[in-house]
Every structure is written in C-alpha cells, then in structure tokens.
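The values are calculated or read from the model by the stated rules, or taken from the named source; none is laboratory data. Bear in mind the structure is a predicted one, so any value in this text is a computation, not a measurement. Cβ sites come from the backbone with ideal geometry, for glycine too, and all protein chains shown count toward neighbours. What goes into the accessible areas is simple: the full protein's heavy atoms, side chains included, and nothing from ligands, DNA or RNA. Shrake-Rupley method; radii C 1.70, N 1.55, O 1.52, S 1.80 Å.
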Amino acid sequence: MNDMHSYFVEASKKWRQYRSHRSYYWDSITDYCNYFLHPQNSVLEIGCGTGELISKVNGSRKVGVDFCDELIIQARQAALESNVTNVEFYTMAAEDLSQLHGQQFDVIIMSNLIGFLDDIETVFNQVSTLCHEKTRIIVTSYSRLWEPMIGFAEFIGIKRKTPEQNWISKADLQNLLYLSGFETYRANSSMLVPFNIPLIAPFCNRILSHLPLFNWFNLNNYTFARPLPVEEGWKHKYSVSVLIPARNESGNIRAAVERIPDMGSHTEIIFVEGNSTDDTWNVIQQVQQEYLGRRDIKIMQQDGRGKGDAVRKGYAAATGDVLMILDADLTVPPEDLPKFYHAISTGKGEFINGVRLIYAMEEGAMRTLNTIGNHFFSRLFSWLLESPVKDTLCGTKVMFRTDWLKLAEGRRFFGNFDPFGDFDMLFGAYKLNLKIIDLPIRYRERKYGTTNISRFKHGLLLLKMSAFAAMKIRFR
C-alpha cells in the first residue's frame, strides 16, 4: 500500500497533463458511463484521481474520493477553474469509506481502479454500505487479453508505467461482486483502438468493437451490478395498474375484467379504447357500470392512433406503483399477470418482458411468418440491448411507474417514433439502466376478432426502428 501511495504521489505531479494528452481514451469511458446517468442521479466515483470523469458526468450531486491527497487537491482546483459547483472531493481509501457513512448514492463508479486494490471484496463490502435497493454499480477494467500489449506500451514509454496490478477476469469480478451482495446484470466491452487515429479509430471503436468476434479483442470491460434483491413482504408491497388498449375487441372486454386477478395492495384496470368500428366503447362503459364498487375501472378514448399512443395516455392516468399492459385479445392469459407482479415486486427484474416463444402455442395462436419474424427480432434486440430479449412484440410488459415517468421525461433521446409502444419501453429501459428479464407465458389463440398487426408493413417498420436504435445504442 505504501509503495502504491508513493507511486500516485509522484504521478500526481503530471497527472492532469498525462490525462489531457490521452483524453481520447479517458473521454470514451466518461461518455460511456454518462450514457446511463441522468441529471437527477447522485453519483459517487471511487478512485477519482483529479476528477475528470466525476466532474463531467450527469448528476444532481456528485462526490469523488481518492486515497491520494495530492490528487484530490488538484481535483478541487480543476473543478474551481471549470466552474463545476455540484461536485465534492474527499481524501479516503476505497477500503474505508466510513466518512460517507449514512449517505446513499444512485450510481457508484469505479473506473480502472480494481487492478490497484489489495482486497477487492473488502472494497465492495464498503460500497454496499452506500447503496439503496436501486443503486447501480459501474466497474470499468482492462481486458486480460491486453495484458502483454499494455506491458509492451509501458516498456517503450507510450503508456505510464504502473505498479504491478491485478488482472481480473469478468467471471472473477462477477463472483467477487456476488460475494459482497451484488448481482451482475450486464457485462460488455468496448474500444479496439485506444488512440485517436483519424478515420480508423472511430470506425473500429464505434462499429467493429460492438460486432461479434471483434468485441473479444476490446480493451475496456464494463460490468454493471446492483444490490441483490430482498424478497420479504412482496405480496402486498405495491399497487398495480393494468392497462388494456382495446380496438375492435368488444367480445373480450367483460372476460378481461372477470379474469384479471387482484394483485398487490390494490389493482386498478384502465381501458383505453382506440377508434373502434364495432361497439367496443359501449361495452367498456357497460362493464364499468356493472362492476362499480367491485373493481376499480378507469375508461378513456384515444385522441391519436396506435397502441403506443394508447399506452402513453393510459399510463398518464395510472396511479399504481407497478404498470402492466394486457392486450385486449387475451392471447396472454390474464391469470398469468401475478407472475409478472411476483417478478418485479421481489426484485428479480425492473422491466419484465413477456415471452411467447418458449412454451408450445395453441394451434393458430401465431402465424408461421410471424413466428420466424419474432425469432429474428429476438436475436437482433438481444444484441442491441445487451440482454436476452427473446420476444420484443409480446404485448405484456411490466415496469414501475417511477421508471415510466423517467422514461417519459427522457423520451426525446429516442423520439416518438414507435407506434406500438413496445420499443419505446425497451429502449427506454435500457437507457435507464434497468435490469430487463424475460418471463415465459403461454400464448393462446384469439377467441374474438382479428389481429391489428400487418406482417409486412409492420415488419419493415421494425427493421427501420432497429436500425435507428442501433445508431442510438450500439454505434453511438
């Protein structure tokens, strides 16, 4: 530890100059972390050095800590020179964060730090004392594959020589996080070329580094973790709003109300009728009156068109802690909704995506071309969202209302491009850094009416949205 401290004291004399000359590499880490941060977040960086990352990222309150007082003095001076007023810096070792006792942060970043730690598990245990149940941990580290190349770069002098450090594999890092009470929910990598070589570096780092095979050779590993969920008291922990967009579904309205189970502390049902040509709206009004006093039912009509518009209108009126979508065709059985409530209320995930492609389907439930298309898009979106998303178009998706409000506030990032609403939520959940999980359900044959989906027209639209999302998520 003393040798390590002496090294950083000596290095601090030219630290800011060194970082400035290699800003292409360091700024890429800052930009990547910042993609998942939001202005209302409280953010802690452990091992902040002279504060370049923590000063630049989004956050309402930002704190940087480092065990080298000389670096912290420079960080404070740099923040003052840059007129950054919402960041604080403290001298403390990662192994003892007791000065921050009683504080909790939304996001905790450890950038290229774990290689220098004598006891990583102790540090993660310290970090756990600063977390609430939705805290996010972002750990960046070198890929072990680059160990000989980094050693050679230090030998020839194009990289500053550092003390011997740990080369932790992804699996070992995830195990250490688990031992300290954290769950890894996403792990990825980036950067093939760490120097700003015109044309070559942007192409390699923005495009090639995200493609299969090429990504094996990336320099930087990113690990995202969150505190392990606590399952106690989940049954009545949250209230629930079930949104039912309905267009030409008059034969399914009454069955939907009859079959939706009571969930959580309270269950409200919201019908949003969408320009039907049958008597769907009349039936919705009748059912609301029939169940008056027995079920909490809200009804409204769309001003615009498309399921996405219906979802936005219905969710704006929802009061439940947990928001669910149930398609009015009832091909996803309402009796399965408690599975979604259990998954989100016990912390298994924060965005629960229904999947129709696991169990055998009833004959006629899904046409062959639709099945092929769904399998194709499941692979595409699993790559896009860096999570296994097997069925993008299953109508049943569940999230917390607090996260929906954040998603709606940040919708301008992706834009109102999605008439279905499914991708608006999936892309938004990724940007909010939520844990996305699939929940298999039995997919039933429609008993009334016909589908509102056009295979070819909407299939082309999905491809267009996928390309758009790739530029906003993967090739940004």
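A few remarks follow.
- The residue among 270, 345, 311 whose Cα reaches farthest toward the positive pole of the charge dipole of the stretch 261-362, with charges on the beta-carbon of Lys, Arg, Asp and Glu, is 345.
- Applying the criteria of a DSSP loop state and at most 13 other Cβ atoms within 10 Å to the chymotrypsin sites (Phe, Trp or Tyr not before Pro) of the stretch 1-78 yields no site.
- Projected label distance in nm at residue 122 and residue 475, using a 7 Å step from Cα toward the beta-carbon: 4.8
- Near residue 89, the amide H atoms lying under 5 Å from its own belong to 64; only residues 5 or more places off or on other chains count, and H is placed 1.01 Å from N.
- Each principal axis of the Cα cloud of the stretch 1-155 was taken in turn, and the coordinate range along them, longest first, works out to 43, 36, 29 Å.
- Long-range HN-HN contacts of residue 243 with modeled amide H, under 5 Å: 270, 324, 325, 326
- Dipole magnitude (debye, nearest 20) for the chain, charges at Cβ of Lys, Arg, Asp, Glu: 1440
- Relative contact order of the chain: 11 percent, from C-alpha pairs under 8 Å at least 6 residues apart in sequence.
- For the stretch 165-180, putting each phi into the Karplus relation 6.51 cos²θ - 1.76 cosθ + 1.60 with θ = phi - 60° gives couplings of 10, 6, 10, 8, 6, 4, 5, 5, 5, 5, 5, 5, 5, 4, 4, 9 Hz, in residue order, rounded to whole numbers and with x for Gly and Pro.
- Taking every DSSP bridge with both residues inside the chain, close to 35 percent are antiparallel.
- Surface composition of the stretch 137-263: carbon and sulfur make up 62 percent of the accessible area, probe 1.4 Å.
- Set 56/406; 307/472; 170/472; 406/464; 170/237 screened for pairs whose C-alpha atoms are more than 28 Å apart: 170/237
- Residue 152 accessible area, assembled protein chains, probe 1.4 Å, Å²: 120
- The shape of the chain can be summarised by an equivalent ellipsoid whose semi-axes, obtained from the alpha carbon gyration tensor, come to 47, 24, 19 Å from longest to shortest.
- On the principal axes of its alpha carbon atoms, the stretch 132-229 extends 45, 33, 22 Å, with the longest extent given first.
- Set of aspartates and glutamates with alpha-carbon distance to residue 435 below 15 Å, sequence-local pairs under 8 removed: 106, 133, 183, 350, 386, 403
- Karplus 3J(HN,Hα) series, Hz, for the stretch 56-69 with 6.51 cos²θ - 1.76 cosθ + 1.60 (x for Gly, Pro): 8, 6, 5, x, 7, 9, 10, 10, x, 10, 7, 7, 9, 4
- Restricting the calculation to alpha carbons of the stretch 275-361 gives Rg and Dmax of 15.1, 41 angstrom.
- Calculated SAXS-style log₁₀ I(q)/I(0) at q = 0.23, 0.27, 0.31 Å⁻¹ - the stretch 138-187, Debye, Cα scatterers: -0.87, -1.03, -1.22
- Based on every Cα atom in the stretch 1-91, Rg and the maximum pairwise Cα distance Dmax equal 12.9, 39 Å.
- With at most 15 neighbouring Cβ atoms within 10 Å, loop GluC sites (Glu not before Pro) (DSSP) excluded, longest segment of the chain: 233-361
- Rounded to whole Hz, the Karplus (6.51, -1.76, 1.60) HN-Hα couplings of the stretch 140-152, x for glycine and proline: 10, 7, 6, 6, 5, 4, 8, 3, x, 5, 5, x, 5
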